[in-house]
Amino acid sequence: MNTHAQSIYLDPRLGQMHQVMLGDRTRLEAYDKALARDVRPGDVVVDVGAGCLALTLLALRHGAGHVYAIEGDPATARIAGAILADNGIADRVTIVEGDARTVSLPRRADVLVSEMLGNIGPEEEMGEILAICAERHLKAGGAIIPQRLTTVINAIRFDGESWGVWSDDLAGYSLAAARPFLGSSAQLHFFARPPELLSETTALAAIDLGQPPGALPEHRDIDIIRPGRLDALALAFEADFGDGIRLSNFPGYPGCNWAVFIWPLASSQVAAGDVLRVSIRPGAWVRDALSWQIDCGIRRSTQRDLQP
Ligand SMILES: C[S@@+](CC[C@H](N)C(=O)[O-])C[C@H]1O[C@@H](n2cnc3c(N)ncnc32)[C@H](O)[C@@H]1O
């Protein structure tokens, strides 16, 4: 068989994207637990953004009678079709190729499941897409997996990685003079080790999935709870599936396929009691997290202890 002949149909980057998602076992475990809880034998399930059918297959395992697997990307839908045929489950799964916001389905679902979680939560437009899908395709009282998507933020110090390397000494010398040449734009980062947290994890914005998302808050105040060198803000998501089932990319875990969004700051010493006022706004292309913008100001506490 000429395996290369098949590759002309698929952008290799697309395959790699699904590969890392399928390799993220913690992600699949969270969905598996929620599907085990919500799917009843014979249920109709809609998988929104079905990709290579990971969630569809989990739903079948938990007794779904039929799954409508909606996939907007034609090349990915074609792969899904091949997986379906290979497993002999074409009678239990219908692949619906098209934008989930506009496709029609022949019946309503008992369960709507989706994984369109962005690095910071909302940038894959999961809130908007699921609100439309719930209204058009979910039975009254049907379940949505996951239930809530929150963008969380931490004030952090880096040691020896990412933006923090410019503050660390190298052989007793400083690299800080390089900073003005580098600018401070958003970065996506996989941590080599957990950073030092200078704040509690704070919710910046949240969406109840299935409901139209509200506007982003104008700002949030983040309390500094311990003194230290503030290098950056770290933004990530938390998906809440109910009953204690949750998924987050911060802190990361082995195999985590989401990077953390880093907003570098001019490093400075902060003290417990200082407050950061942060606002976030979508960039020109909402799906590109790196185009999102953060504004951050600091209010210094009058009684400051800068000793770490
Ligand atoms: C993060 S992947 C998840 C794939 C799969 N559900 C999984 O968990 O492995 C999101 C998928 O949603 C698809 N997608 C994104 N926006 C969509 C839309 N508006 N309508 C249909 N599919 C969409 C993408 O093409 C991609 O395959």
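Quick one: pull the percentage of alpha-carbon pairs in the chain with a separation above 35 Å.
29 percent
Take the alpha-carbon centre of the stretch 210-228, take the same for the stretch 230-286, and report the distance between them in whole Å.
Rounded to whole Å, the Cα centres lie 10 Å apart.
Using the heavy atoms of the protein chains alone and a 1.4 angstrom probe, what is the accessible area of the stretch 149-299 per residue in square angstrom?
47 Å²
Sort Ser279, Ser185 by accessible area with a 1.4 Å probe, largest first.
Ser185, Ser279
Evaluate the relative contact order of the chain (contact order divided by residue number), counting alpha-carbon pairs under 8 angstrom at least 6 apart; express in whole percent.
After rounding, I find 17 percent.
What is the Cα radius of gyration of the stretch 3-115 over 2.2 N^0.38 Å, N being its residue count?
Normalised by 2.2 N^0.38 Å, the Cα Rg of the stretch 3-115 equals 1.04.
Would you mind getting me the FRET efficiency between Arg37 and Thr202? Use the beta-carbon distance for r and R0 = 30 Å, nearest 0.05.
0.55
Roughly how much of Arg299 is accessible, in Å² to the nearest 10, using a 1.4 Å probe?
Roughly 140 Å² of Arg299 is accessible to a 1.4 Å probe.
What is the extension gain from Arg13 to Leu182, computed as 0.36 nm multiplied by their sequence separation minus the C-alpha to C-alpha distance, in nm to one decimal?
Full-extension gain reported as 58.0 nm.
Keeping all protein chains in place, calculate the accessible area per residue for the stretch 3-115 (probe 1.4 angstrom), answer in Å².
I get 48 Å² per residue for this part.
For Arg108 and Leu170, compute 0.36 nm times the residue count separating them, minus their Cα-Cα distance, and round to one decimal in nm.
Contour length minus Cα-Cα distance gives 16.2 nm.
Using Cα pairs under 8 angstrom and six or more residues apart, how large is the relative contact order of the stretch 3-115, in percent?
Computed value for the stretch 3-115: 28 percent relative contact order.
Leaving out ligands, DNA and RNA, and with a 1.4 Å probe, what % of the accessible surface on the chain is carbon or sulfur?
53 percent
Viscosity 1.002 mPa s, temperature 20 °C: Stokes-Einstein D of the stretch 149-299 from its Kirkwood Cα radius, in µm² per second?
131 µm²/s
Could you work out how much longer the chain between His219 and Ala284 gets when fully extended? Use 0.36 nm per residue separation minus the Cα distance between them, nm to one decimal.
21.4 nm
Work out from phi, with θ = phi - 60° and the Karplus expression 6.51 cos²θ - 1.76 cosθ + 1.60, the ³J(HN,Hα) of each residue of the stretch 270-286, listed in order in whole Hz, and give x for Gly and Pro.
Rounded to whole hertz, the list is 10, 10, 4, x, 5, 10, 9, 9, 10, 10, 10, 9, x, x, 4, 10, 4.
Taking every pair of distinct Cα atoms and averaging 1/r, then inverting, what Kirkwood hydrodynamic radius in Å comes out for the stretch 217-299?
It is 14.6 Å.
The values are calculated or read from the model by the stated rules, or taken from the named source; none is laboratory data. The shown structure was predicted, so the numbers you read here are calculated from the model rather than taken from an experiment. No Cβ is skipped: glycine too gets one built from the backbone with ideal geometry, and neighbour counts run over all protein chains shown. Just the protein is used for accessible areas: all its heavy atoms, side chains included, with ligands, DNA and RNA removed. Shrake-Rupley method; radii C 1.70, N 1.55, O 1.52, S 1.80 Å.
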